[in-house]
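Only one structure is covered here, and it is reproduced in the block below.
The values are calculated or read from the model by the stated rules, or taken from the named source; none is laboratory data. Since the model is a prediction, treat every value here as computed from it, not as a measurement. FYI the Cβ positions are ideal-geometry reconstructions off the backbone, even for glycines, and counts take in every protein chain you see.
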């Protein structure tokens, strides 16, 4: 059974992406509060992050508003799942090489994803 915060993120993200059936939101409580882990189809990752992380930051801002209402602190983690197969797996690694004759393209996408992840981590540390 999903909670109101999971349903909220799922609803917003499904409205943004091309593949709404691939959106998965997992909820875990840790020492910092509630951690929501968002997994989407790799083709939709750019839509969820947005230019310069704007869409992701907006999602986090909306979650903070929800957290104020529910007396909880929410953190949103967007998972890069380059090895997406159509079904959700609990762990994915961007370091796995895909042997499809285009190793250089895979490396470029992986480094782009790593840079985007670093920018999002920097944005996530901001308290607004």
Which one of these does residue 44 not meet: (1) modelled with pLDDT under 90; (2) over 14 Å from the mean Cα position of the chain (by Cα)? (2)
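Can you give me the number of residues within the range 51-60 that are in contact (Cβ under 8 Å) with a residue 24 or more places away in the chain and out of contact with any strand residue (DSSP E or B) (no Cβ under 8 Å at 6 or more places or on another chain)?
If we filter the range 51-60 for residues that are in contact (Cβ under 8 Å) with a residue 24 or more places away in the chain, which is where we start, we get 52-53, 55-57, 59-60.
Okay, now just the ones that are also out of contact with any strand residue (DSSP E or B) (no Cβ under 8 Å at 6 or more places or on another chain), so 52-53, 55, 57.
Adding up the residues that qualify gives 4.
Which residue, of 45, 35, 63, is in contact with a strand residue (DSSP E or B) (Cβ under 9 Å, 6 or more places away or on another chain), closer than 15 Å to residue 81 by Cβ and crowded, with 16+ Cβ neighbours inside 10 Å? Give the derivation first.
Working: 35 fails: closer than 15 Å to residue 81 by Cβ; 63 fails: closer than 15 Å to residue 81 by Cβ.
When all the criteria are applied, what remains is 45.
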Which members of the range 14-30 meet the condition of being assigned to a strand (DSSP E or B) and farther than 14 Å from residue 79 by Cβ? 29, 30
Residue, modelled with the lowest pLDDT, within the range 98-113, restricted to residues that are in contact with a helix residue (DSSP H, G or I) (Cβ under 8 Å, 6 or more places away or on another chain) and closer than 21 Å to residue 39 by Cβ: 98
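Residue by residue through the range 8-32, note down the ones that are out of contact with any strand residue (DSSP E or B) (no Cβ under 7 Å at 6 or more places or on another chain) and either surrounded by 12 or more Cβ atoms within 10 Å (Cβ to Cβ) or under 17 Å from residue 55 (Cα atoms) (or both). It would help to see each step written out before you state the result.
Taking the range 8-32 and keeping what is out of contact with any strand residue (DSSP E or B) (no Cβ under 7 Å at 6 or more places or on another chain), we get 8, 11-12, 14-23, 29-31.
Correct list: 8, 11, 12, 14, 15, 16, 17, 18, 19, 20, 22, 23.
Condition check ((1) under 14 Å from the mean Cα position of the chain (by Cα); (2) modelled with pLDDT of 90 or more) across all residues:
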position	(1), (2)
24	yes, yes
39	yes, yes
52	no, yes
77	yes, yes
88	yes, no
